[in-house]
1. Hey, among 265, 308, which residue is within 18 Å of the chain's Cα centre (by Cα) and either farther than 30 Å from residue 136 by Cα or surrounded by 13 or more Cβ atoms within 10 Å (Cβ to Cβ) (or both)?
2. Can you tell me which residue within region 102-123, out of those that are in a strand (DSSP E or B) and out of contact with any Asp or Glu (no Cβ under 8 Å at 6 or more places or on another chain), is surrounded by the fewest Cβ atoms within 10 Å (Cβ to Cβ)?
3. Restricting the search to region 249-284, which residues are outside any loop (DSSP other than H, G, I, E, B) and under 18 Å from residue 209 (Cβ atoms)?
4. Suppose we filter region 321-362 for residues that are buried (at least 16 other Cβ atoms within 10 Å of the Cβ), among the β-branched types (Val, Ile, Thr) and part of a helix (DSSP H, G or I); how many remain?
5. Does residue 279 qualify as being within 28 Å of residue 112 (Cβ to Cβ) and of a type in the set (Lys, Arg)?
6. Right, residue 242: free of Cβ contacts under 8 Å to residues at least 40 places away in the same chain, in a loop (DSSP other than H, G, I, E, B), more than 26 Å from residue 113 (Cα to Cα) and of a type in the set (S, T, N, Q) or not?
7. How many residues does region 286-320 hold that are without any contact (Cβ under 8 Å) to a residue 12 or more places away in the chain and either outside any loop (DSSP other than H, G, I, E, B) or among the hydroxyl-bearing types (Ser, Thr, Tyr) (or both)?
8. Is there any pair with a first residue in region 72-95 that is in contact (Cβ under 8 Å) with a residue 12 or more places away in the chain and a second that is assigned to a strand (DSSP E or B) and of a type in the set (S, T, N, Q) whose Cβ atoms are under 8 Å apart and which are 6 or more apart or on different chains, and what are they?
Amino acid sequence: MPTPPHPRQKLNTIALACCFLALFFPPQLSRAADPTQETAQQFAQLGHCKLESGKVIQDCRIGYRTFGKLNAARDNAVLMPTWLYGRSSELVPLFGNGRSPSHLVDTTRFYGIAIDALGNGVSSSPSNSPTQHGTAFPAFTMRDTVEAEYRVVTEVLGLYHLHAVTGLSMGGEQTFDWAVAHPDFFDLAVPILGTPRLTSYDLQVKRIMVESIVDDPDYKNGNYTTEPPLKLANLFGNLVVTTAEFRNQATPPDKLQSFFAQAESPLPIDANDRLWQLRAIMTQDVIGPRSLPEAARAAHPHFLVIVSANDHLVNPQPVLDWGAATNAPTYISHGTCAHLILSCDAAAVSTRVRRFLAEAPN
């Protein structure tokens, strides 16, 4: 096995093969995963999934993987939804025996469930729908995704209570949706770099991400026959997940052109899938007409809040306000890798998450 790269060299290497939000994991973390914990990709066939809009996803399916074992009471399950563009296969390093810095969920104690969000190319998506292919696929929201996941947990896995829900980025946003939509269904919530509602800054960033796809001439209004490379969208996505300090330290001037070539490379995800998930994120708002403290206090699970002070993709202030309203323990990471929090602060994050899952009161 080759020597893992120095942390300042990680991002350039990873960007060649992964979606920019799958960059949470530097190579040494993925290598440290316990392969005995992984189960095969599974699918829950849900028939029709009715959406908030009144439209329906036909032949709706949700992908998932499980880790560890259920206890006798069947109440030790920890659910982890995927992040933006992410797949359950990329969550595998987060489950294990707790001996790796990447293990958020100790599978010697908990039954882990990694679940694929709508639109990620594994669960029902524009790219894989047999009857609603491409632009015919209906728009969905974060709440729609969570309701499909709830059906998997209850109808397919036969669980009627979870110990916890946790996720990173869009997975953290789904954690908030779970807490509001099903406030008594689980005990603990750990949103990592998520938000209960997008700020104006967040929406500006997401709009640029959307428009850089839609305005690309190769996108062809979603009716492309060859996957568009989306160089500008990829470059911008790479920009907002880190900081200026990280980029300046990780990429010396003589390596910049090589970095650009890597950062602009096509991602292994369908362009319409990307766009549908981005637009779903832009609907994120579990607060509604209430004040944030009112919404936070109405969510019954105990929260552990984890944010990055330097996050340029998801503004941390709404999450910090949520934590303050509920007296939730809070960890603020000051690592320069920002939204790629596990690339430079994995041990601090995973230690806190494992301790919270093990010790927090039910």
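The values are calculated or read from the model by the stated rules, or taken from the named source; none is laboratory data. Nothing here was measured: the structure is a model prediction, and the numbers come from that model. For neighbour counting, all protein chains shown are included, and Cβ atoms are generated from backbone atoms with ideal geometry for every residue, glycine included.
1. 308
2. Within region 102-123, the subset in a strand (DSSP E or B) is 105-106, 111-115.
This time we only want the ones that are out of contact with any Asp or Glu (no Cβ under 8 Å at 6 or more places or on another chain), so: 105-106, 111-114.
Numbers: 105: 30, 106: 20, 111: 23, 112: 27, 113: 26, 114: 29.
That would be 106.
3. Filtering region 249-284 for residues outside any loop (DSSP other than H, G, I, E, B) gives 249-250, 253-263, 271-281.
Answer for region 249-284, where residues must be outside any loop (DSSP other than H, G, I, E, B) and under 18 Å from residue 209 (Cβ atoms): 263, 271, 272, 273, 274, 275, 276, 277, 278, 279, 280, 281.
4. Counting residues in region 321-362 that are buried (at least 16 other Cβ atoms within 10 Å of the Cβ), among the β-branched types (Val, Ile, Thr) and part of a helix (DSSP H, G or I) gives 3.
5. no
6. no
7. Kept after step one, since they are without any contact (Cβ under 8 Å) to a residue 12 or more places away in the chain, are these residues of region 286-320: 288-291, 294.
Applying the additional criterion that residues be either outside any loop (DSSP other than H, G, I, E, B) or among the hydroxyl-bearing types (Ser, Thr, Tyr) (or both) yields 291, 294.
Counting residues in region 286-320 that are without any contact (Cβ under 8 Å) to a residue 12 or more places away in the chain and either outside any loop (DSSP other than H, G, I, E, B) or among the hydroxyl-bearing types (Ser, Thr, Tyr) (or both) gives 2.
8. Between residues of region 72-95 that are in contact (Cβ under 8 Å) with a residue 12 or more places away in the chain and residues that are assigned to a strand (DSSP E or B) and of a type in the set (S, T, N, Q), the close pairs are 78/166; 79/166; 80/166.
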